[in-house]
Amino acid sequence: MKTTTRKIGNSVGVIIPSEIKVQTNKSYEIYKVGEAIVMVPNKEDLFKNPEDWKDFRQSITQEDDEWDQMED
């Protein structure tokens, strides 16, 4: 699959073919690794809504807690 870069103002844009199924209006981090350009979706902050974690501590089993307390 090929695409072409295009000048957009002072930046460069790329048309991403629909077969790649990139979501629109989603934020991505872009990295350059050697000659490759890698685009990674930004992950949502897991802790932004404290209500999601309200009863989390009570859901931890004793075995999970023991593993969590174990030292290397």
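For LYS2, the aspartates and glutamates whose Cα comes closer than 17 Å to its Cα, not counting residues fewer than 8 places off in the same chain, are GLU19, GLU35.
Sites listed here are chymotrypsin sites (Phe, Trp or Tyr not before Pro) in the chain whose DSSP assignment is loop and whose Cβ has at most 11 other Cβ atoms within 10 Å: PHE47.
Expressed as a fraction of 2.2 N^0.38 Å, the C-alpha radius of gyration for the chain is 1.88.
In loop segments of region 1-53 as defined by DSSP, the trypsin sites (Lys or Arg not before Pro) with at most 11 further C-beta atoms inside 10 Å of their C-beta are LYS2, LYS21, LYS26, LYS43, LYS48.
Just so you know, all these numbers are worked out from the coordinates, no wet-lab data involved. Computed from a predicted structure; not experimentally measured. So basically every Cβ, Gly included, is an ideal-geometry build from the backbone, and we count neighbours across all protein chains shown.
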